Amino acid sequence: AMAQKLNPMTIGTSLPGATYFVDGQRYTETTVFTWAEGTSHVVQFPFSVDQNGILDVQYLTYGSRYRFHGWTKTYAGPDPGDFADEIEVVVASSQFTSLIANLTIEYRVRLNFPQAFTSNYCQEFITNDQPTDTIDLFGVVFFNGDCINRSTEYWLEPGSYPVQAYNYPGWVFTGVTGDDQLFRPKPMTFNLEVNATLEYTFRWEPAKRIR
């Protein structure tokens, strides 16, 4: 009998530390498999399920996660088709040499206000209406184009995100307190640099009356 032809196949992820499965076995590093020509193998990038039901991400830690964008394949012959799903079947071939899960990282960014508001002050701010209830109303923040007036959580890719803080009459924006608890005076407009999980609290103080 002729010896069965064996083909090397490299499988991994584009960013380190992610989990994937090949034929039911768990891997966390790029691995070279040796498969007999024509045999079928199941490759999976597993998704985490959190309380929000998000299914296209894999959580690394409390504050970071990988988002899946399909597989990048290296194939010498006719295109075997689009490998876009988290579970794919690979048929071993000398022409099919690698399959890499294409990932981007996202970080948890929490932006806190001193307390929650019950009214939609953002809408009133955008439409230039005078707020009807000004008790403890100190201002709003535009973060990356979103108007927020209560503590809000984002998942963001690394980058620089614009922040504009606005005062309501009688209040002055004084800056932000970060994860390290250091108070940073900030101008009204600045960029928030996201390269790790972050938590910031926006601060206002009553304006000092000049007599």
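The values are calculated or read from the model by the stated rules, or taken from the named source; none is laboratory data. Note that the structure is predicted; figures quoted are calculated from it, not measured. Virtual Cβ from ideal backbone geometry, glycine too; neighbours counted across all protein chains shown. For accessibility, only protein heavy atoms count, side chains too; no ligands or nucleic acids. Shrake-Rupley method; radii C 1.70, N 1.55, O 1.52, S 1.80 Å.
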Scanning the range 151-170 residue by residue, the ones that are more than 17 Å from V109 (Cα to Cα), open to solvent by 60 Å² or more (accessible area, probe 1.4 Å) and either touching a strand residue (DSSP E or B) at 6+ places or on another chain (Cβ under 9 Å) or polar (S, T, N, Q) (or both) total 1
Per the filter on the range 60-83, residues under 22 Å from R26 (Cβ atoms) and either part of a loop (DSSP other than H, G, I, E, B) or at pLDDT below 90 (or both) are L60, T61, Y62, F83
Residue pairs qualifying under the 6 Å Cβ cut-off, at least six apart or on distinct chains, with the first in the range 147-158 being among the β-branched types (V, I, T) and the second being part of a strand (DSSP E or B) and buried (at least 16 other Cβ atoms within 10 Å of the Cβ), are I148/V141; T152/L111
Counting only residues in the range 173-189 that are modelled with pLDDT of 85 or more and open to solvent by 60 Å² or more (accessible area, probe 1.4 Å), the one nearest to F68 (Cα to Cα) is identified as T189
Scanning the range 86-100 for residues that are open to solvent by less than 40 Å² (accessible area, probe 1.4 Å), touching a residue at least 60 places away in the same chain (Cβ under 8 Å) and either touching a Leu at 6+ places or on another chain (Cβ under 9 Å) or of a type in the set (V, I, T) (or both) gives V90, A92
Original post:
Being in a strand (DSSP E or B) and modelled with pLDDT under 95, is that true of even one residue in the range 31-43?
Top reply: no
